[in-house]
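Take a look at the structure set out below.
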Amino acid sequence: MTILCIINGTAVLPDRLLRDAVVVCRDERISYVGTARSRVPAGAKVIDAKGAYICPGFVDIHIHGGGGADVMDGTVDAVSTVCQSHSRHGTTTLFPTTSTGTDDQIHAMLAACVEVRDGWTVDAGSKIGGVHLYGPYFAKGKVGCHNESVCRTPKAAEFRRYFDTGIVRVATCAAELPGAAAFYRYATKQGCLVTCGHSNSSWSEMDAGFANGMRHVDHFWCAMSNVSSVRNRLGVPMQGSMLEYVLSNPEMSTEVIADGKHLAPELLNFAWRMKGSQRLCLVTDCNRALDMPPGRYRFGPKSDGSWFTSDGEVGWASTGSLASAVMGMDHMVRTMHKIGGVPLHEAVRMATLTPAERTGIDEHVGSLAKGKQADIVLLSKTLKVKQVYINGHRTKKGVRTLFEC
């Protein structure tokens with residue numbers, strides 16, 4: 001039995017910071033979290049955190065690409081590249097996310113994700129918690145940087161085959177689309193986190209979606225309805241939108257892209273104050289330009305995805321129109337804490353336990369707790385990634401060595 005002990009750091013728990021922490025891992029799971037040095041077993045491999053923060057591994061439920069690859073490239077190499085790229089930013093579990101695409105492109109992506117998930121080894125990067133079926137069921141006019149030509153309404157004969165792969169765990173559809181109700185009901189039966197996104201839906205359409213199992217809204221304020229946009233679509237009297245519905249319904253959760261470019265500090269802070277860290281997730285919504293030089297890239301499939309430009313800080317579909325993020329989850333946590341004014345333990349919760357709870361994997365990941373997988377990130381005092389452990393294996397430049405110090 002291999003035993004790893006991390007000492008001399010501050011453990012980031014869901015509800016507080018625990019100073020002078022001791023975290024013990026036996027084989028691939030956490031066996032103790034506390035402050036008692038007496039719990040360090042003889043013969044253990046001891047890691048001195050040197051004052052670093054000891055965090056649970058990050059969980060990203062909305063991520064398209066990184067390292068030059070997009071999961072919609074539909075190959076094992078592309079999905080593996082994305083997983084390795086995000087593990088360097090502290091993400092230990094991710095949900096590869098579809099963009100709009102043809103039926104064949106989506107099936108290729110799903111098949112590649114199944115192969116990477118099932119063949120995961122210690123050198124494969126972040127683990128795949130499931131796929132986020134995001135495109136293609138978007139409302140016209142709310143597609144953002146996605147290729148609008150392959151947006152469509154959900155048809156049971158098509159979407160049931162996506163779910164039949166067994167890997168879809170998060171499922172998005174615009175609530176106002178014909179067929180959305182059937183999609184939501186079916187996704188709910190599959191145990192998915194059911195979401196509304198890229199939508200111009202009204203309060204009543206959101207309420208109908210909620211009745212059919214929808215419980216989450218993708219990237220708050222981005223490609224979503226507001227009172228004015230609903231009025232333009234449906235006329236007077238003015239009606240409530242996704243914004244008001246999410247804020248008023250305590251069972252609804254949502255997510256923010258905290259890269260400092262999509263949302264101003266006051267919006268990040270407002271979202272946290274309104275929804276709290278138990279109903280607000282941090283996501284990267286990251287594209288293939290993560291860790292790549294500024295330049296022009298494809299969003300979605302490399303063969304025919306829409307073009308965007310990365311300036312090294314964010315993606316641009318055109319002047320004034322954002323196109324996803326180019327930063328990892330470590331950046332999102334830093335921004336939410338330092339600029340959004342959110343306490344560190346709550347910012348970390350939004351990147352770990354909250355998405356794990358919303359997707360039903362919190363029994364295994366999302367917090368430093370006895371029995372959970374030893375997915376651990378050491379962050380410096382400036383919240384930069386120092387070390388990453390996945391299932392108790394330290395990652396280093398994409399290569400894992402068991403408990404390497």
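Read-outs: derived from the displayed coordinates by stated rules, not from any lab. Source: prediction; values computed, not measured. With ideal geometry, Cβ positions are generated from the backbone for all residues, glycine too; neighbour counts draw on all protein chains shown.
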Take the alpha-carbon centre of segment 349-367, take the same for segment 253-277, and report the distance between them in whole Å.
-> 18
For residue 370, counting only lysines whose alpha-carbon sits under 27 Å away and dropping same-chain residues fewer than eight positions off, the answer is 45, 50, 127, 381, 384, 386, 396
Cα centre as origin, Lys/Arg/Asp/Glu Cβ charges: segment 58-358 dipole, Debye | 480
Shape category assigned to segment 58-358 from the gyration tensor of Cα positions, a/c cut at 1.5 = rounded
Can you tell me which of 85-91, 177-183, 256-262, 105-111 comes out highest on packing, and rank the rest after it, using the mean Cβ neighbours within 10 Å?
-> 85-91, 256-262, 105-111, 177-183
By count of other Cβ within 10 Å, fewest leading, how are 284, 354 ordered?
-> 354, 284
